[in-house]
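The values are calculated or read from the model by the stated rules, or taken from the named source; none is laboratory data. Just so you know, these numbers come straight off a predicted model, no measurement behind them. All Cβ positions, even for glycine, are placed from backbone atoms using ideal geometry, and neighbour counts span all protein chains on display. Remember, those area values only see protein heavy atoms, side chains included, never the ligands or the DNA or RNA. Shrake-Rupley method; radii C 1.70, N 1.55, O 1.52, S 1.80 Å.
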Amino acid sequence: MKKIFIVLLTISTFLSCESDDGITYVTPDYLSGKWVWDQIGAINAQNVLVYQSYVNDEGCEKNNLILNNNGSYEKNDFQLVGSVCENSQQLGSYELNNNILSLSYIDEEEEEENQNVTDYFTIISLTYTEIQISYTDKDTDELVFLKLIKEEE
């Protein structure tokens with residue numbers, strides 16, 4: 001009787017260890033969605049990162065970045081020009097390699113023929129509802145930090 005129990009236990013152990021070939025694991029897509037500028041930060045004289053609310057021109061929508069799950073993006077930068085709020089829109093493709101987000105687009109404002117440009121952002125942290133990024137400002141050569149909040153659809 002004891003031998004039969006051990007044989008059954010051994011067989012059930014091997015049967016329960018079959019491979020899980022039918023199971024598909026899905027990686028959550030935290031990056032896709034509409035991200036709205038929330039806070040901007042800089043390192044102060046005491047070498048401490050300080051954030052403050054990002055304030056857009058009065059009457060304008062908040063700047064945003066829409067990352068689609070097909071690798072395309074839309075960046076909307078709203079500014080008050082005279083009494084009208086204008087959107088300087090940028091369309092292109094994005095790629096994520098480790099913690100580097102690259103936005104590639106054609107800069108039609110360049111004096112030369114349509115210049116291919118890629119901007120790089122370091123992702124400091126990413127959750128489903130918030131992303132913190134840093135980048136070097138091309139005009140001032142300063143390190144800038146941004147917190148963006150995912151807008152619910």
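Values as computed for the structure displayed
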| read-out | value |
| --- | --- |
| Pairs, first under 21 Å from Phe78 (Cα atoms) and in a loop (DSSP other than H, G, I, E, B) in the range 44-65, second open to solvent by less than 70 Å² (accessible area, probe 1.4 Å) and of a type in the set (Asp, Glu), C-beta under 7 Å, six or more apart | Tyr54/Asp38; Asn63/Asp77 |
| Leading residue by the ranking (nearest to the chain's Cα centre (by Cα)) among those in the range 129-153 that are polar (S, T, N, Q) and in a strand (DSSP E or B) | Gln132 |
| Subset of the range 49-81 [open to solvent by 70 Å² or more (accessible area, probe 1.4 Å) and among the small types (Gly, Ala, Ser)] | Ser53, Gly59 |
| Filtered residue count, the range 28-37, keeping only those that are open to solvent by less than 50 Å² (accessible area, probe 1.4 Å) and either under 24 Å from Leu80 (Cα atoms) or part of a strand (DSSP E or B) (or both) | 4 |
| Residue match in the range 145-153 (condition: out of contact with any Leu (no Cβ under 8 Å at 6 or more places or on another chain), modelled with pLDDT under 95 and either more than 28 Å from Asp29 (Cα to Cα) or of a type in the set (A, V, I, L, M, F, W, C) (or both)) | no |
| Residue tally, condition at pLDDT 75 or above, open to solvent by 100 Å² or more (accessible area, probe 1.4 Å) and part of a loop (DSSP other than H, G, I, E, B), over the range 98-117 | 2 |
| Filter result (among the hydrophobic types (A, V, I, L, M, F, W, C) and at pLDDT 95 or above) within the range 16-49 | Trp35, Val36, Trp37, Ile40 |
